[in-house]
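The values are calculated or read from the model by the stated rules, or taken from the named source; none is laboratory data. Please read these numbers as outputs of a predicted model, since none were measured by experiment. Quick reminder, even Gly has a Cβ in these numbers, built from the backbone with ideal geometry, and neighbours come from all protein chains shown. Areas reflect the complete protein model, heavy atoms only, side chains present, ligands, DNA and RNA absent. Shrake-Rupley method; radii C 1.70, N 1.55, O 1.52, S 1.80 Å.
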Amino acid sequence: EPEVTQTPSHQVTQMGQEVILRCVPISNHLYFYWYRQILGQKVEFLVSFYNNEISEKSEIFDDQFSVERPDGSNFTLKIRSTKLEDSAMYFCASSPGLAMHEQFFGPGTRLTVL
Amino acid sequence: KNEVEQSPQNLTAQEGEFITINCSYSVGISALHWLQQHPGGGIVSLFMLSSGKKKHGRLIATINIQEKHSSLHITASHPRDSAVYICAVVNNAGNMLTFGGGTRLMVKP
């Protein structure tokens, strides 16, 4: 069964460093998402992406964040200058369509900023 | 902004019990997801619904759009059902999920 994959599973970085989190969505899906979950808190929406552009983003998704689909298979989340408060689990998801379609989640990348 | 509330926050049940988890939201939506998050952190989609009722095995999800409320039921609960169950609503533009805080379920043998 097709699945969303994410790499790395765990990333440790120093504050101020740039990180890139990678996701490979399910191949025939058209909509891609990033979410984050700070330890012990709710899952939060970051951004949705369709047709090579951002379709919606939350207040969390500020200028420090960017997303890209560089090669038609990978979907990346870049954090330019990490802060301690960026430590969280980051989930990628994809879906074949919008509201009436199930979203398929990847296993997550745990980001630890020291 | 949609506020999504789940109850209860924590639930302990004996194996075999019927379980109900509730979700209410404040603003109209296009759809609602029930998700399961295991201790390792992975998230699995259980249901996506916009009206009525869906059933999959021992799981049943219902939604009442007028009352802005959904329930997830587990029949004949089993220890392997132990997980966090999360309700998430889809905004009317269809491209953003707002999540509830989750219900932590523990089913004891």
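Couple of notes before you dig in:
- Among the residues of this structure, A:PHE61 does not count as one that is touching a strand residue (DSSP E or B) at 6+ places or on another chain (Cβ under 6 Å), surrounded by 19 or more Cβ atoms within 10 Å (Cβ to Cβ) and within 20 Å of B:HIS33 (Cα to Cα).
- Some residue of segment B:61-82 being open to solvent by less than 10 Å² (accessible area, probe 1.4 Å), in contact (Cβ under 8 Å) with a residue 12 or more places away in the chain and under 22 Å from A:GLU3 (Cα atoms): no
- A:LEU84 being more than 14 Å from chain B (Cβ to nearest Cβ), farther than 23 Å from B:ASN92 by Cβ, among the aliphatic types (A, V, I, L, M) and open to solvent by 60 Å² or more (accessible area, probe 1.4 Å): yes
- The strands (runs of 3 or more DSSP E) falling completely within chain B that include 3 or more residues that are under 27 Å from A:GLY40 (Cβ atoms) map to B:4-7, B:10-14, B:19-25, B:31-37, B:43-49, B:69-74, B:83-90, B:97-99, B:103-108.
- Top-ranked residue of segment A:1-47 - restricted to ones that are among the aliphatic types (A, V, I, L, M) and open to solvent by 30 Å² or more (accessible area, probe 1.4 Å), ranked as farthest from A:LEU84 (Cα to Cα): A:LEU30
- B:LEU49 fulfils the conditions (1) open to solvent by 10 Å² or more (accessible area, probe 1.4 Å); (2) free of Cβ contacts under 8 Å to residues at least 24 places away in the same chain except for a single criterion, (1).
- Consider segment B:83-109 and keep the residues that are open to solvent by 40 Å² or more (accessible area, probe 1.4 Å) and away from chain A (no Cβ under 14 Å). The one that is farthest from B:GLU5 (Cα to Cα) is B:PRO109.
- Scanning segment A:6-52 for residues that are assigned to a strand (DSSP E or B) and more than 12 Å from every other protein chain (Cβ to nearest Cβ) gives A:THR7, A:GLN11, A:VAL12, A:THR13, A:VAL19, A:ILE20, A:LEU21, A:ARG22, A:CYS23, A:VAL24.
- Qualifying residue in segment A:36-50 (condition: farther than 26 Å from B:THR103 by Cβ and charged (D, E, K, R)): no
- Matching residues in segment B:1-10 - criterion: being open to solvent by less than 90 Å² (accessible area, probe 1.4 Å) and either under 13 Å from the mean Cα position of the chain (by Cα) or over 30 Å from A:SER58 (Cβ atoms) (or both): B:VAL4, B:GLN6, B:SER7, B:PRO8
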